[in-house]
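The values are calculated or read from the model by the stated rules, or taken from the named source; none is laboratory data. Not measured: the values here are computed from a predicted model. Positions of Cβ are generated from backbone atoms using ideal geometry, with glycine treated the same way; all protein chains shown enter the neighbour counts. Accessible surface areas use protein heavy atoms only, side chains included; no ligands, DNA or RNA. Shrake-Rupley method; radii C 1.70, N 1.55, O 1.52, S 1.80 Å.
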Amino acid sequence: MTGLLFPVNMILYRQVSNKADLQKILALQEVNLKGNLSEEEKNAQGFLTLQHSMEVLETMHGTEPSIIAMDGETLAGYALVMPLETRSLIPELAPMFDHFASMTYKGKPLNHYRYYVLGQVCVAAAYRGMGVFEGLYQMHRDLLGNRYDFVITEISTSNQRSLKAHARVGFTTILTTRDHIDEWQVVLWDFNKKAVG
């Protein structure tokens, strides 16, 4: 289903379709990494914790293409899809995947559901506050909601901008946990609940 285009506020939302898309993701990621931002920027705009390699992104997108927002040739934002089959690609995320495997939702173990992990979401600074974040997630639901019950991820408890944005879309916090890197809120968006908007 690569190449689906949905215009919203002049932004086109589609799945990743080529290596140039992945290169744009890596460039936007680099700018927004936690270590490349000031404390003021992190507090006001949020941040990214994990840096990917081209090889990892290519393998992820070969399994399930992620969603990007394009303004012409400019990447306005991205939201990475990590199916469970890709869990071994990023060793730093192994504890998160293990933790999810031991959790329950609505009284059932998570492994009784069809779900994927949101690998990372980022909106370029010039496009924040324009609905790009919500548009990325609406495309997730439109393209993946018929094959998955929900999407789940962890967000640093110090990343208040991201936590608030995910709550607006419809994510619910189901657990707060800590590992060797940070304290995290585990958030889940049930695709059977109300749509974005």
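Going by what's in this entry, would ARG147 be described as over 16 Å from the mean Cα position of the chain (by Cα) and not in a strand (DSSP E or B)?
So ARG147 passes the test.
Scanning segment 86-139 for residues being in a helix (DSSP H, G or I) and among the β-branched types (Val, Ile, Thr) gives a total of 2. Taken together, the residues in segment 170-191 that are open to solvent by 20 Å² or more (accessible area, probe 1.4 Å) and part of a strand (DSSP E or B) amount to 10. Looking across segment 29-57 at every residue that is within 16 Å of LEU118 (Cα to Cα) and modelled with pLDDT of 85 or more, the one that is surrounded by the most Cβ atoms within 10 Å (Cβ to Cβ) is identified as LEU57.
When you check ALA167 against the structure, is it touching a helix residue (DSSP H, G or I) at 6+ places or on another chain (Cβ under 8 Å), of a type in the set (Gly, Ala, Ser) and open to solvent by 10 Å² or more (accessible area, probe 1.4 Å), yes or no? Here the answer is no, as ALA167 does not meet what is asked.
Per-residue answers, yes or no, for (1) farther than 25 Å from GLN15 by Cα; (2) modelled with pLDDT under 90; (3) open to solvent by 40 Å² or more (accessible area, probe 1.4 Å):
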site	(1), (2), (3)
HIS99	yes, yes, yes
LEU143	no, no, no
PHE150	no, no, no
LYS193	no, yes, yes
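Among the residues of segment 76-95, the ones that are open to solvent by 20 Å² or more (accessible area, probe 1.4 Å) and in contact with a helix residue (DSSP H, G or I) (Cβ under 9 Å, 6 or more places away or on another chain) come to 7 in all.
Kindly check whether there is at least one residue in segment 156-174 that is among the hydrophobic types (A, V, I, L, M, F, W, C), touching a residue at least 12 places away in the same chain (Cβ under 8 Å), in contact with a His (Cβ under 9 Å, 6 or more places away or on another chain) and closer than 28 Å to PRO91 by Cα. Taking every residue of segment 156-174 in turn, none turns out to be among the hydrophobic types (A, V, I, L, M, F, W, C), touching a residue at least 12 places away in the same chain (Cβ under 8 Å), in contact with a His (Cβ under 9 Å, 6 or more places away or on another chain) and closer than 28 Å to PRO91 by Cα.
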